[in-house]
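Input: a single structure, listed below in structure tokens.
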Amino acid sequence: MLPLKLVYDERYDLNLGAHVFPSQKYRLVYERLLHDGIAGPEDFLKPSPASDEDILRVHSQDYVYKLKTGSLTRAEVMRMEVPYSPELIEACWLAAGGSILAAKRAMEDGFSANIGGGFHHAYPKHGEGFCVIHDVAVAIRRMQADGAIQRAMVVDTDVHQGNGTAAIFTDDETVFTMSIHQEHNYPFPKPPSSIDVNLPDGIGDADYLAILEKYVHRSFEEFSPQLLFYVAGADPYREDQLGGLALTMEGLARRDALVLGYAQRHQVPVAVTLAGGYARNVEDTVSIHVNTIKAAIKAAEQWSKRPTSNVT
Ligand SMILES: [Zn+2]
């Protein structure tokens, strides 16, 4: 059995068909993890949907009502860029429940991963960029409400800036947000995160990793989180259709090892979410996400070997 739990539900798959967002990727990641013997059925937990109370700690009553009753305006649905359906809403509440569960398990085991989530473009009062409910913010607010943590950090390496995250936690000293992303790409404008790292187009592995290391280090110097959410987008990949960076698959795996290893050495629990990924070949997106899970497993193994302070 793995030293961490993976959170997944088959209803994460939205069946969006030919949409640029390959929502079948969650199922493909799950199946690849099992097929390759990386994880067994016993390593997975099924989430419960987040409660409305959980969702309402982040999102407005009016927005939640519209989502639940299918009464968004056409403009609001267009801004989400995914077609509205009851299944979409079910998947969003489940993804948020999945991130809550991953956060709870991370506090127990050091690491956990939601094979979904990372919907970092969702705002309190609207959805955009394929994101409807901000699962990571919902999970952080739930953990704070439970008294499980006071301070959280979000490290977002999706190629697109985490605008929803930045907007939700602006002026909130309990949550530190770092986003490393392509500057000349959606979203415009970019509301300020605690640290924004605006990368030039076409940056490759070596430059990216050097810059990432510098800013992860700086984030941990400025802030001492009790829980880290890692938003591990697959879209800084050089073959991504919606990204303009040039990382290789190996570079992305080193990115994961860098962030997760840093947290592990600082003894900060990590909940991983997958976020974006639009490679020309969906199997590449799946491979990048699977590599992120492998990095989390490795970090969790190190965590379980750490010396505990109360050993006599
Ligand atoms: Zn993205």
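The values are calculated or read from the model by the stated rules, or taken from the named source; none is laboratory data. Quick caveat: nothing in here was measured; it's all calculated off a predicted structure. Every residue, glycine among them, receives a Cβ derived from its backbone with ideal geometry; neighbour counts consider all protein chains shown. Surface areas here come from the heavy atoms of the whole protein model, side chains and all, with no ligands, DNA or RNA. Shrake-Rupley method; radii C 1.70, N 1.55, O 1.52, S 1.80 Å.
Considering only helices (runs of 4 or more DSSP H) fully contained in the range 1-117, which possess at least 2 residues that are open to solvent by 70 Å² or more (accessible area, probe 1.4 Å) and either within 17 Å of F130 (Cβ to Cβ) or modelled with pLDDT under 95 (or both)?
74-80, 86-109
Can you tell which of F169, F130 is of a type in the set (A, V, I, L, M, F, W, C) and closer than 22 Å to D240 by Cα?
F130
Those residues that are within 16 Å of the chain's Cα centre (by Cα) and within 14 Å of the ligand (Cβ to nearest atom), I need them from the range 167-187; list them, please.
S179, I180, H181
Against the definition (over 16 Å from G162 (Cβ atoms) and in contact with a Lys or Arg (Cβ under 9 Å, 6 or more places away or on another chain)), how does A257 come out, yes or no?
yes
Can you pull out the residues in the range 228-239 that are surrounded by fewer than 24 Cβ atoms within 10 Å (Cβ to Cβ) and within 11 Å of the ligand (Cβ to nearest atom)?
The answer is none; no residue qualifies.
Return yes or no: is D156 of a type in the set (D, E, K, R), within 12 Å of the chain's Cα centre (by Cα) and either within 16 Å of the ligand (Cβ to nearest atom) or under 21 Å from A263 (Cβ atoms) (or both)?
Here the answer is yes, as D156 does meet what is asked.
Considering only the range 240-254, state which residues are open to solvent by 40 Å² or more (accessible area, probe 1.4 Å) and either of a type in the set (A, V, I, L, M) or within 16 Å of the ligand (Cβ to nearest atom) (or both).
Selection gives Q241, L242, M249.
Failed condition for D171, given (1) on the phi < 0 side of the Ramachandran plot; (2) at pLDDT below 95, with all others met?
Here D171 clears every test but (1).
Can you tell me which of A271, A299 is away from the ligand (no atom under 16 Å from the Cβ) and either open to solvent by 20 Å² or more (accessible area, probe 1.4 Å) or farther than 21 Å from A137 by Cβ (or both)?
Answer to the check: A299.
Within the range 119-223, which helices (runs of 4 or more DSSP H) (wholly inside it) include 2 or more residues that are open to solvent by 20 Å² or more (accessible area, probe 1.4 Å) and not small (G, A, S)?
By residue number, 135-145, 205-222.
Hey, can you tell me all the residues within the range 106-139 that are more than 23 Å from A263 (Cα to Cα) and touching a strand residue (DSSP E or B) at 6+ places or on another chain (Cβ under 9 Å)?
H121, A122, Y123
Looking only at the range 192-227, count every residue that is more than 15 Å from L258 (Cβ to Cβ), more than 16 Å from the ligand (Cβ to nearest atom) and within 20 Å of the chain's Cα centre (by Cα) and tell me the total.
Counting residues in the range 192-227 that are more than 15 Å from L258 (Cβ to Cβ), more than 16 Å from the ligand (Cβ to nearest atom) and within 20 Å of the chain's Cα centre (by Cα) gives 8.
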